[in-house]
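Q: Mind having a look at this structure? Questions to follow.
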Amino acid sequence: MQCDEVSEKLPDYLASRVDEVTRVSLEHHLQGCAACLQEVEGLAATWVSLGGIPSAAPDSRAMRARLDALIEREQENQARFSKPRFKWNHPLVTACAATLVLALGVVLGRATESAPAAPPGVAALHQELRDLKQMVTLSLMQQQSASERLRGVSFSNQVDGSGDEIVTALLDTLRHDTNVNVRLASVDALKRFAERDVVRRAAIDALDTQRSPLVQMALIDFVVETQERGAVGALRKLSTAAPNETVRTRAAWGIKHLGVES
Amino acid sequence: MQAVQRGDLAKLGSLFDRHHLAVFDFLARMTGSRAIAEDLVQDVFERILKYRATWRGDAPFSAWLFRIARNARADYYRKREFTATYTDAMDGEDPAPGPEATLENESEAARLQRALMLLRADKRELIVLARYREMKYEAIAELLEVDVGTIKVRVHRSLKELRDIFLTLESRLPCNVTKFPKSSPTI
């Protein structure tokens, strides 16, 4: 073994990680090389003395207590975020259920009292149910959470009849909601009210103002399905100026399907 | 760790029980302060909780743990623009010795500890990992992202420098009695 090899092998030698052949070869070299012997002895002594520096003892119990508190906080956060958004024990839902039960009781009571009273009672119950659904829908559509608003828009399809408040809320959502998915859902929901002028005009206006390609495509489909020829101007504009190529193509397709030459 | 990743956060307590002493010892020897090391261990386990999704099951947990511990220590000093000198880092109950009289009364182990703390942090880290954590040079190389040959050369140099600092401290003793063993009983 040469002197430079000793330097190379020394860290392994100190850590007792050399094989027997290397160890014997190294020690044989040390017997004949005073310089290497001096260096190895000095460094080995330092290595051994390092073992004499005691290790500090931590306050493990206090540290563990701090960690447990942290874990507990994180578990609470985890539980809060993993809960379903729709809560059956939500005050609004509870109030709706209570009102429903009450209305059902009143109607059944009247029905058992005298047979002729049944039809108006059932009608009243239907009205009550419709009002409740509308209230829940409008309430959900005003929530901060986008998924709650989305739920509200979808729920609007279950509201019988054509309440102006629902239409106004859906149009408001289409114009101003910050979430593209909620706006898209509102376009679908508004199809039910497509016979209304206010809805058709709003769809044409939205073709001009909406910037999301997804919403633009949904609106194009909307005006084609409703055969709204008043949208041709907005579609022409989109077919030439929309930044998205798919939107431009779809707008041209819309113009064609409205029976107008592009 | 896999259980923690899956959301069984209580298992982090078991990981703490198994590994906190090793991490604490590393950090205490690196900082020279029990209090700072305790805070940093807390920081390390907070980071494990926060970044649990980033652990890859194919790598040893201890390697990931020590990488986090190194980062926690580096961030600690970076935030405080702290120059890790021995005197700055020591705990209040263990004031840094200054006058010659203190040096004289200091034990050999305490003097070596002083020498270790006077060594540059990257060199001290190599010695702490190799000597106290008994990490294989291959593992240190992987942790520091350097090839194993370089690590061995650096350990050798760091040890030589440590010995020089120690001998300098010894030479400043009023009655220059060398208490350092000339040879190792293990060789």
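Derivation of every value follows stated rules applied to the coordinates shown; laboratory data play no part. Here the structure is a predicted model, which means the values were calculated and not measured. Because the Cβ atoms are built from the backbone with ideal geometry, glycine has one as well, and the counts that use them run over all protein chains shown.
Q: What longest region of chain A stays clear of chymotrypsin sites (Phe, Trp or Tyr not before Pro) that DSSP places outside H, G, I, E and B and that have at most 14 other Cβ atoms within 10 Å?
A: A:89-262
Q: Could you work out the relative contact order of chain A? I mean the mean sequence separation of Cα pairs under 8 Å and 6+ apart, divided by the number of residues, in percent.
A: 8 percent
Q: Now for a separate question. Which of rounded, prolate or oblate describes region A:160-216 when judged by the alpha-carbon gyration tensor and an a/c cut-off of 1.5?
A: prolate
Q: Is the shape of the protein assembly as shown best called rounded, prolate or oblate, per the rule: a/c under 1.5 gives rounded, else a/b larger than b/c gives prolate, else oblate, with a ≥ b ≥ c the square roots of the Cα gyration tensor eigenvalues?
A: prolate
Q: To make sure I understand the rule: partners must be aspartates and glutamates, Cα under 17 Å from the Cα of residue A:133, and not fewer than 8 residues away in the same chain. Which ones qualify?
A: A:148, A:160, A:164, A:165
Q: Give the distance, in whole Å, between the Cα centre of region A:1-19 and the Cα centre of region B:115-166.
A: Between the Cα centre of region A:1-19 and that of region B:115-166, the gap is 15 Å.
Q: Sum -39500 (n - 2.57) across every DSSP H segment of at least 4 residues in chain A, then divide by the residue count to get the 222 nm mean residue ellipticity, nearest 500.
A: That calculation yields -24500 deg cm²/dmol at 222 nm.
Q: Also, I was wondering about something else. By its C-alpha gyration tensor, with a ≥ b ≥ c as the square roots of the eigenvalues, how is chain A shaped: rounded for a/c under 1.5, else prolate for a/b larger than b/c, else oblate?
A: Because a/c hits 1.5 or more and a/b fails to exceed b/c, chain A counts as oblate.
Q: Something else now. Within the set of other residues whose C-beta is less than 14 Å from the C-beta of residue B:134, count the net charge using Lys and Arg as +1 and Asp and Glu as -1.
A: Overall, the nearby charge balance is +2.
Q: Using +1 on the beta carbon of Lys and Arg, -1 on that of Asp and Glu, and nothing else charged, what's the dipole of chain A about the Cα centre, debye to 20?
A: 1600 debye
Q: While we're here: Can you pull the mean other chain C-beta count within 10 Å for peptide A:202-214?
A: Average per residue, whole number: 0.
Q: Could you tell me which helices of chain A pass both thresholds, a Cα extent of 27 Å or more along their own axis and a mean Kyte-Doolittle hydropathy of at least -0.5, with helices taken as whole DSSP H runs?
A: Result, helices passing both filters: A:91-113, A:118-141.
Q: How do B:167, A:207 line up, fewest other C-beta atoms within 10 Å first?
A: B:167, A:207
Q: Which of B:147, A:177, A:197 has the fewest other C-beta atoms within 10 Å, and how do the rest follow up to the most?
A: A:197, B:147, A:177
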